Amino acid sequence: MANIRDLNRVVIADADAMRRLASDVAKRCRAGDVVVLSGPLGAGKTTFTQGLAAGLGVAGPVTSPTFVIARVHRSTVGGPDLVHVDAYRLGGLAELEDLDLDASLAESVTVVEWGEGLAETLSPEVVRVQIERDTDPYTPGAPVPDERRVTLIWPPGRRG
């Protein structure tokens, strides 16, 4: 795989490759970063977060926080904790602010699934991860290729 500094857009063949990419991204993340994951249902947002967690060395398992909204995974290596948020069911910015994420923001890497248009207000250090796929995995009879296209958009001054 290419060095993460050289990546802006990459094609991912399967879930393992998604986790490896995210683990590489974790090496460039630092406390205070907010990672905003966007993509359709079944795109691989939680899979990406699993790889990010592995790269950060946090306690798992990492599963979708859809019903609990947010989970904290503590570092096992002295690095930043991982705060994993699913904003799918949130009604807007006020509900995101009610989660009181700013209490741990400076010491953690905060990942927000479905956070586009909301989570960018949490920090000036936002890493945007856009995941695209060609087919809808929930359409009966539709082929479900594992391939995804991932676009990484780093905060100013963090790329290259």
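The values are calculated or read from the model by the stated rules, or taken from the named source; none is laboratory data. Here the structure is a predicted model, which is why all the values come from computation and not from measurement. Here the Cβ is made from the backbone with ideal geometry for all residues, glycine too, and neighbour counts use every protein chain on show. Note: areas computed on protein heavy atoms with side chains; ligands, DNA, RNA excluded. Shrake-Rupley method; radii C 1.70, N 1.55, O 1.52, S 1.80 Å.
Answer yes or no as to whether residue 34 is buried (at least 18 other Cβ atoms within 10 Å of the Cβ) and more than 13 Å from the chain's Cα centre (by Cα).
Working: buried (at least 18 other Cβ atoms within 10 Å of the Cβ): yes; more than 13 Å from the chain's Cα centre (by Cα): no.
Against the criterion (buried (at least 18 other Cβ atoms within 10 Å of the Cβ) and more than 13 Å from the chain's Cα centre (by Cα)), residue 34 does not qualify.
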Filtering region 49-96 down to residues that are closer than 20 Å to residue 39 by Cβ and charged (D, E, K, R), which residue is modelled with the lowest pLDDT? 89
Counted residues, region 37-64 - those being assigned to a loop (DSSP other than H, G, I, E, B) and either on the phi > 0 side of the Ramachandran plot or open to solvent by less than 20 Å² (accessible area, probe 1.4 Å) (or both): 6
Filter region 8-31 down to residues that are open to solvent by 30 Å² or more (accessible area, probe 1.4 Å) and in a strand (DSSP E or B) and give me whichever is farthest from residue 147 (Cα to Cα). 9
